1. Could you list which residues have their amide H under 5 Å from that of Arg46, counting only those 5 or more apart in sequence or on another chain, with H placed in the peptide plane?
2. Amide H neighbours of Leu276 under 5 Å, at least 5 residues apart or on other chains, H built in the peptide plane: list them.
3. Can you tell me, using C-alpha contacts under 8 Å and at least 6 residues apart, the relative contact order of the range 79-195 as a whole percent?
4. Within the chain, which is the longest segment that contains none of the trypsin sites (Lys or Arg not before Pro) sitting in a DSSP loop with at most 14 other Cβ atoms within 10 Å?
5. Using 1/(1 + (r/R0)^6) with R0 = 25 angstrom and r between the beta carbons of Asp22 and Arg56, what's the FRET efficiency to the nearest 0.05?
6. Note the angle between two axes, namely the Cα long axis of helix 234-251 and the longest principal axis of the Cα atoms of the chain, as a number of degrees from 0 to 90, rounded to the nearest 10.
7. Rounded to the nearest 0.05, what FRET efficiency do Met1 and Asn271 have when you use their Cβ-Cβ distance and R0 = 51 Å?
8. With runs of 4+ DSSP H residues as the only contributors, calculate the mean residue ellipticity of the chain at 222 nm using -39,500 (n - 2.57) per run, divided by the residue total and rounded to the nearest 500.
Amino acid sequence: MTTVAFIGLGIMGGPMAGHLVDAGFDVVGFNRTPDKVAALVERGGRGADSIAEAVRDADIVAVMVPDSPDVQDVLAGEDGVFDTARKGTLVIDFSSIRPDVTAALAEQAKAAGLRLLDAPVSGGEAGAKNASLSIMVGGDPADYEAAQEVLQAVGTTIVHVGPSGSGQTVKAANQLIVAGNIQLLAEAITFLEAYGVDMAAALKVLGGGLAGSKVLDQKGEGMLARSFEPGFRIELHHKDMGIVTSAAREAGVVIPLGAVVAQLMASARANGEGGLDHSALLRGVLRLSGRDPDRTDTDDSDTA
Ligand code: NAP
């Protein structure tokens, strides 16, 4: 039986670790805040009190934490994975972080006798819960092959996109596209509400044409209801917009719309909305349009 240590059992990591249990892996979970381990244990996994304890007997280590410094801590920090895992262990980092940090960590992993894949995911909380994530993998092709069973237990679209860091570069592009999509959907909703349009009908027909998207399918209804329970937190998308704008700048690539959306994401965070779902970009559009973001009634036709 293959033992997988899973570090970071949050919105994404929790359900992903659960799928690995269902797929027959021996899963040992570690979470910084211990209470999140209980759900994994209930599902048939095991809990560990430290990273060292989780990875000690692991064949594969999976990581799903928020940002570059967190992954650096977990992997390269004192008593982290590089210090405590067995030689030859395959480390799969599902977190979305800076491509250059991933590439540097892959070198450190090699020096420690370990193997590191970057495998950031897309598909949101729904994708994690349904094991239908899209996974963009960077690293050595042989390691990619070795990771197949784990990747297939949590995702459906799994693609090796190049050497170490490439997965993170593709993920940065993913976040650029998703943020732009949500922002334009938010603007369209605000526009349509101002004209008193039947919103459910409008989203239905928009969803069937070229304006349709997974963003519209997954986020539209919640936006109409002003329900912004995460999901994917503004705080994390703000992190990702920082990654893509800085990587684009380094490559000499200009992303003007992305830069504007990055600013709007930063504004949402500055307005205290970092803990809301990224579909709360709608609140920013409402504010800019002089409308009350806390109003749930969608009939604004009198102010059009
Ligand atoms: P989350 O719910 O906040 O979970 C993050 C997990 O990481 C928590 O278990 C947290 O522990 C742990 N953690 C945070 N900092 C840590 C540190 N320094 N050392 C050890 N553990 C630490 O976040 P999430 O939504 O699952 O996102 C995780 C990653 O997936 C991010 O990179 C995000 O960009 C990416 N992602 C998220 C989504 C989504 O829809 N949510 C979709 C695709 C990709 P505590 O419980 O102690 O806080």
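Coordinate-derived values only; no laboratory data. Computed from a predicted structure; not experimentally measured. Methodologically, a virtual Cβ is constructed for each residue, glycine included, from the backbone with ideal geometry; neighbour enumeration extends over all protein chains shown.
1. HN-HN under 5 Å from Arg46: Val27, Val28, Gly29.
2. Ile234, Glu235
3. That works out to 25 percent.
4. Longest stretch, sites excluded: 88-294.
5. 0.60
6. In the chain, helix 234-251 runs at an angle near 80 degrees to the longest axis.
7. Computed FRET efficiency for Met1 and Asn271: 0.55.
8. Result for the chain, helices only: -15000 deg cm²/dmol.
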